[in-house]
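Notes follow the structure.
Bear in mind these aren't lab numbers, they're just calculated from the coordinates by the rules spelled out. All figures in this text were calculated on a predicted structure; none of them were measured in a lab. Because the Cβ atoms are built from the backbone with ideal geometry, glycine has one as well, and the counts that use them run over all protein chains shown.
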């Protein structure tokens, strides 16, 4: 009898613990149900969900990259501009040779070149940021703010402030194709998320990343090469940004100096909502993806309901402030 009462009394505690541990997931499910109800199920139809996935897939690569950086107590403000520059570089090599306004008019390039070129640009900036932070001892905010400006300038110079259009169909299919009802973009995101999940949870390097975010000095004392690990994290993030740029240009069928603008806001907001702590050392790949889809669902829902896009920026800013505030309160309670 007493055991039954004890078990029964533990149920509210278990529910509270579950809600506390899986806040992002519960919030996403609740919002999904709410959106389905107010749109009479139209927002949850296959076509609508496909559009949601396609719209958020490119941002997912940015979120995975900046999420790892934030776990180390860093930040990356260059994310959006690096993605944009990568998109422009990859698009320039994917233009049809007979397009008169092509950046390299009359020249035919192998289809793999724009992919490699875009990823290489992202990797170069990731390595640059990593060196500045790890070996130059610059605060991540300042280092990536500077590289953001550099990427913006290079984007304008490289494109001559013009749009790079007329991309090859075999290049565009990389992002625009489907395997049955499943967009190729979703497949890429799943693969990238699995790779990062394995890195963060089943490798020595992943444990080092969490240790650095928890206490960099203690990690150094324990034998972790903090500088080398930090540089690798920024490099990995840069590679993900390069992939995002390639996929974005292929999805849009063009790139221009505005490509990638404000994507850093989307990615940072998404991982913050997903439970990545700005205090460092806390966060999961699953949380990053749930946070991304939650923010995407908000954007998608407001667009579906005809809300002016300007208000979406207000909502994103408010979400970042609220999520960071809640994270700080949780961190303060633990201490």
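For the range 181-312, calculate the relative contact order in percent as a whole number, restricting contacts to Cα pairs under 8 Å that are 6 or more residues apart.
RCO, the range 181-312: 20 percent.
Hey, can you rank 80-87, 130-137, 215-222 by average C-beta count inside 10 Å, highest first?
Put in order of decreasing packing, that is 80-87, 130-137, 215-222.
Does anyone have the angle between helix 204-214 and the longest principal axis of the chain? Alpha-carbon axes, 0 to 90°, nearest 10?
70 degrees
Using only the alpha carbons of the range 153-262, what is the convex hull's orientation-averaged projected area in square nanometres?
Averaged projected area of the range 153-262's Cα convex hull equals 9.5 nm².
In the Gaussian network model of the chain, springs joining C-alpha atoms below 10 Å, which of 270, 102, 237 carries the largest mean-square fluctuation?
Per the Cα network of the chain with a 10 Å cutoff, 102 tops the list.
Test of understanding: ordering 144, 39, 294 by Cβ neighbours within 10 Å, fewest first, what list do you get?
Fewest to most other Cβ atoms nearby, the residues stand as 39, 294, 144.
Report, in degrees rounded to the nearest 10, the 0 to 90 angle that the Cα long axis of helix 2-21 makes with the longest principal axis of the chain.
Tilt relative to the chain: about 20 degrees.
Just 154, 235, 295 to compare: in a GNM of the chain, with alpha carbon springs under 10 Å, which one fluctuates most?
With Cα springs under 10 Å in the chain, the top fluctuation among 154, 235, 295 is at 154.
What is the ratio of the Cα radius of gyration of the range 22-177 to 2.2 N^0.38 Å, where N is its residue count, to two decimals?
My calculation over the Cα atoms of the range 22-177 gives 1.29.
Please give the calculated 222 nm ellipticity per residue for the chain, where each DSSP H segment of at least 4 residues contributes -39500 (n - 2.57) and the sum is spread over every residue; nearest 500 deg cm²/dmol?
Value at 222 nm, helices only, nearest 500: -24500 deg cm²/dmol.
With a 10 Å Cβ neighbour count serving as the proxy for reagent exposure, in which order, fewest first, do 266, 76, 98 appear?
Going from sparsest to densest Cβ surroundings: 98, 266, 76.
In whole Å, what is the distance between the alpha-carbon centres of the range 101-129 and the range 256-317?
What the calculation gives is 27 Å, centre to centre.
Starting with the fewest neighbours, write out 152, 72 ranked by other beta-carbon atoms found within 10 Å of each beta-carbon.
Listed from fewest to most nearby Cβ atoms, that is 152, 72.
Compute the angle between helix 309-334 and the longest alpha-carbon principal axis of the chain, please, reported from 0 to 90 degrees and rounded to the nearest 10.
40 degrees
Which order do peptides 52-63, 306-317 fall in by mean Cβ count within 10 Å, highest first?
52-63, 306-317
Could you compute how fast the range 52-135 diffuses translationally, taking Rh as the Kirkwood radius over C-alpha pairs and applying Stokes-Einstein at 4 °C with viscosity 1.567 mPa s? Give it in µm² per second.
Calculated translational D: 90 µm²/s.
Measuring from centroid to centroid over Cα atoms, what is the spacing of the range 219-244 and the range 130-177 in Å?
19 Å
Given a cut-off of under 8 Å on Cα pairs at least six residues apart, what relative contact order in percent is computed for the chain?
Here the relative contact order equals 30 percent.
Past the 22 angstrom mark, what percentage of all C-alpha to C-alpha distances in the range 86-185 do you count?
44 percent
Once the mean 1/r over all distinct Cα pairs of the range 215-327 is inverted, what Kirkwood radius in angstroms do you read off?
About 16.3 Å, per the Kirkwood formula over Cα pairs.
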